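*Asks:* Before anything else, here's the structure in question.
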Amino acid sequence: MLSWSQPSSSLSQTQKPKIQNPSSKKLHEQGTLVMSGAFLDNPGEALSTMGVLTSREAAEDYIKHDPFMLRGMIAKHTIREWANMFA
C-alpha cells in the first residue's frame, strides 16, 4: 500500500485534484494498481490519498512518476506491505 499527503497549502479536502497520474487507468486495467483514492473525512487537514499496488516495486515506480511528486506537491509518502485477504 502506498499512501501520500500533500501540504495543506496545495489542496484542500474539498478540492478534487485536477492533475492525475496518467498511468493510473492503464495500471488499473493491467491489474497492477488495485485501487486508489483520497481520504475525505478530515476537514481542515492536508489531502491524503492512497493506492494499493501489487508489489513494492510497482508502488515505488508509481510514486516516482506521480505528477504531484514531480511538482514537489507531496509532503511525504509511505510504502507499506499489505495483505490481500482475497488473494
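*Asks:* Do you know which residues across the range 7-33 are at pLDDT below 85 and either closer than 22 Å to TRP82 by Cα or not polar (S, T, N, Q) (or both)?
*Replies:* Looking only at the range 7-33, we keep the residues that are at pLDDT below 85, and these are 7-23.
Hits for the range 7-33 are PRO7, LEU11, LYS16, PRO17, LYS18, ILE19, ASN21, PRO22, SER23.
*Asks:* A follow-up question, please. Look at the range 34-70 and say how many of its residues are small (Gly, Ala, Ser) and closer than 20 Å to ALA87 by Cα. Please lay out each step first, then the result.
*Replies:* The first filter runs over the range 34-70 and keeps only residues small (Gly, Ala, Ser), leaving 36-38, 44, 46, 48, 51, 55, 58-59.
Narrowing the set further to residues that are closer than 20 Å to ALA87 by Cα leaves 36, 51, 55, 58-59.
Number satisfying all stated conditions: 5.
The values are calculated or read from the model by the stated rules, or taken from the named source; none is laboratory data. It should be emphasised that the depicted structure is a prediction, and the values quoted were computed from it without experimental measurement.
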